[in-house]
Amino acid sequence: MKEFKLAVIGGDGIGPDVVAEGLKILDAIAKKYEVSFVKSNYNLGAGHWNRTGEALSDATLAEIAKSDAILLGAVGDPTVPNGVLERGLLLKLRFAFDQYVNLRPAKLMDGVKSPLNTQEPIDFVVIREGTEGPYVGSGGFLAQGTPREIAIEENINSRFGVERVTRYAFERALKRDKKKVTMVHKNNVQPYAGTLWTNIFNEIASEYPSITAEYLHADAAAMFMVTNPERFDVVVTDNLFGDLLTDIAAAICGGIGLASSGNINPEKKYPSMFEPVHGSAPDIAGKGIADPTATIMSVALMLDHLGLHAAASDVEAAVARDLSSRGDKKRSTVEIGDALLAQL
């Protein structure tokens with residue numbers, strides 16, 4: 001029996017509840033496909049920070065590094081200063097484990113209402129670079145606290161980083177029907193980073209003659225996502241633009257409550273992390289009404305990454321059947337999990 005080591009971080013707010021439903025599905029998949037998931041739970045998030053003043057210790061990081069994958073619910077709580085958990089936990093995991101691909105599928109499923117008035121199918125994926133850009137924390141203050149205060153936020157882009165994520169996008173496009181890659185940036189006003197991205201994109205595009213390659217400015221891409229989303233297939237972009245565009249992509253496909261994501265190290269040298277993107281939602285925490293669908297779709301992404309492709313398709317199909325039949329029914333977190341379990 002094949003065994004996988006899974007680090008589980010329920011986190012804050014609705015995180016533990018939706019993760020519990022994801023694990024319920026995972027257990028069913030393990031039984032059906034005769035694999036084993038050895039789970040290690042890590043009590044990280046606001047509660048841990050409030051008790052210890054620490055978001056993620058190096059010792060815990062070293063333990064998690066032994067895993068094959070990480071399933072994360074959500075982090076964030078009003079009791080923790082803004083940015084502490086984002087930088088100290090989420091970004092620390094992404095950077096330490098070189099999760100340079102942030103994978104965000106955007107697919108409008110049957111039975112899900114989109115705010116767009118379109119009859120065309122929406123089915124694309126955004127590949128966001130995950131370890132560079134403005135999120136590396138390079139910069140500082142000059143004359144802080146004075147009328148002359150200056151804040152410097154540096155946007156770091158390397159040929160190595162841009163090339164590997166762009167190549168990943170083209171390889172992903174080879175497996176899709178449209179076989180198209182759209183690179184998004186602002187090379188008209190960012191002449192250094194934008195030129196680097198554009199040059200590398202064009203170089204790699206020349207190696208994939210079967211793939212249609214196009215460039216869009218970030219503002220144009222945002223516009224087309226809400227006016228003509230069917231034009232997209234695989235979108236590749238930098239960390240900041242990707243952060244913004246993926247929320248638009250989620251919104252047009254029914255909202256971030258249904259959006260899954262993977263922070264991936266494609267070489268599998270380090271564990272990849274899979275999580276819903278809806279956040280901890282403290283306003284509904286403990287009420288049992290959070291929809292676990294995004295977490296369960298993140299489980300499907302994880303299964304696919306681990307090479308369990310048929311199992312991943314099983315989970316995706318179960319979600320599709322449930323979404324197409326649920327209508328306006330109001331169900332609890334556990335009831336949705338149970339319904340998806342029945343679909344399997």
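What follows is calculated from the coordinates using simple rules that are stated; it is not laboratory data. What you see is a predicted model; the values in this text were computed from it and never measured. Using ideal geometry, Cβ is built from the backbone for each residue, glycine included, and neighbour counts are taken over all protein chains shown.
Cα gyration tensor of segment 187-276, axes a ≥ b ≥ c as square roots of the eigenvalues: rounded (a/c below 1.5), prolate (a/b > b/c) or oblate? Present the calculation step by step, with values, prior to reporting the outcome.
Working: a/c = 1.64, a/b = 1.15, b/c = 1.42.
Oblate is the answer for segment 187-276, as a/c is 1.5 or above yet b/c matches or exceeds a/b.
So what is the calculated 222 nm ellipticity per residue for the chain, using -39500 (n - 2.57) for each DSSP H run with n of 4 or more, over all residues, to the nearest 500 deg cm²/dmol?
Computed ellipticity for the chain at 222 nm equals -12000 deg cm²/dmol.
Sorting check: for 19-26, 316-323, which peptide has the highest mean count of neighbouring beta carbons within 10 Å, and how do the rest follow?
19-26, 316-323
Using the Cα centre of the chain as the reference point, and only Cβ charges (+1 on K/R, -1 on D/E), how large is the resulting charge dipole? Debye, rounded to the nearest 20.
Dipole magnitude for the chain comes out near 400 debye.
Suppose each label sits 7 Å from its Cα in the direction of the beta carbon; what would the residue 224-residue 330 distance come out to in nanometres?
Label-label distance for residue 224 and residue 330, simple model: 4.1 nm.
Using DSSP, restrict attention to beta bridges with both residues in the chain and report what percent are antiparallel, rounded to the nearest 5.
Approximately 40 percent, going by the DSSP bridge assignments.
Can you tell which of 257, 83, 11 shows the greatest fluctuation in a Gaussian network model of the chain with Cα springs below 10 Å?
For the chain, modelled as a Gaussian network with Cα springs under 10 Å, the answer is 83.
With the crude spin-label approximation of a point 7 Å out along Cα→Cβ, what separation in nm comes out for residue 343 versus residue 150?
5.5 nm
Give the Kirkwood hydrodynamic radius (Å, one decimal) of segment 17-105, defined as one over the mean of 1/r across all pairs of different Cα atoms.
14.7 Å
Could you tell me which residue out of 202, 155, 136 lies farthest along the dipole of segment 115-252 toward its positive end? Charges go on the beta carbon: Lys and Arg +1, Asp and Glu -1, centred on the Cα centre.
So the residue furthest toward the plus end is 202.
Could you tell me the center-to-center distance, by alpha carbons, between segment 16-82 and segment 234-251 in angstrom?
25 Å
Return the percentage of antiparallel bridges among DSSP beta bridges fully within segment 115-252, rounded to the nearest 5 %.
Antiparallel: roughly 25 percent of the beta bridges in segment 115-252.
Net charge around residue 330, counting only other residues with Cβ within less than 13 Å of its Cβ (Lys, Arg = +1; Asp, Glu = -1)?
That works out to +1.
Please work out the ratio of the alpha-carbon Rg of segment 79-135 to 2.2 N^0.38 Å and round it to two decimals.
This ratio for segment 79-135 stands at 1.60.
What residues of segment 56-78 lie in the reach of a label at residue 268, counting those whose backbone N is under 16 Å from a point 7 Å from the Cα along Cα→Cβ?
66-70
Expressed in nm to one decimal, what extension gain is obtained for the pair residue 54 and residue 39 from 0.36 nm per residue of sequence separation less their Cα-Cα distance?
3.1 nm
Ordered by residue, what ³J(HN,Hα) values in Hz, to whole numbers, does segment 110-122 give under the Karplus form 6.51 cos²θ - 1.76 cosθ + 1.60, where θ = phi - 60° and Gly and Pro are x?
Along segment 110-122, the couplings run 4, x, 9, 8, 9, x, 8, 9, 10, 9, 7, x, 10 Hz.
Magnitude of the Cβ-charge dipole of segment 115-252, K/R +1 and D/E -1, about the Cα centre, nearest 20 debye?
240 debye
How big is the Kirkwood radius of segment 115-252, worked out from every pair of different alpha carbons and given in Å to one decimal?
Taking every pair of different Cα atoms in segment 115-252, averaging 1/r and inverting gives 16.0 Å.
Determine the alpha carbon to alpha carbon distance for each of 107/186; 107/287; 24/92; 107/180 and list only those over 18 Å.
Over 18 Å apart, Cα to Cα: 107/186; 107/287; 24/92.
Go ahead and run the numbers for FRET between residue 310 and residue 119, Cβ-Cβ distance against an R0 of 51 Å, rounding to 0.05.
After rounding to 0.05, the efficiency reads 0.95.
Given C-alpha coordinates of the chain, what is the ratio Rg to Rh with the Kirkwood estimate of Rh?
Rounded to two decimals, Rg/Rh equals 0.96.
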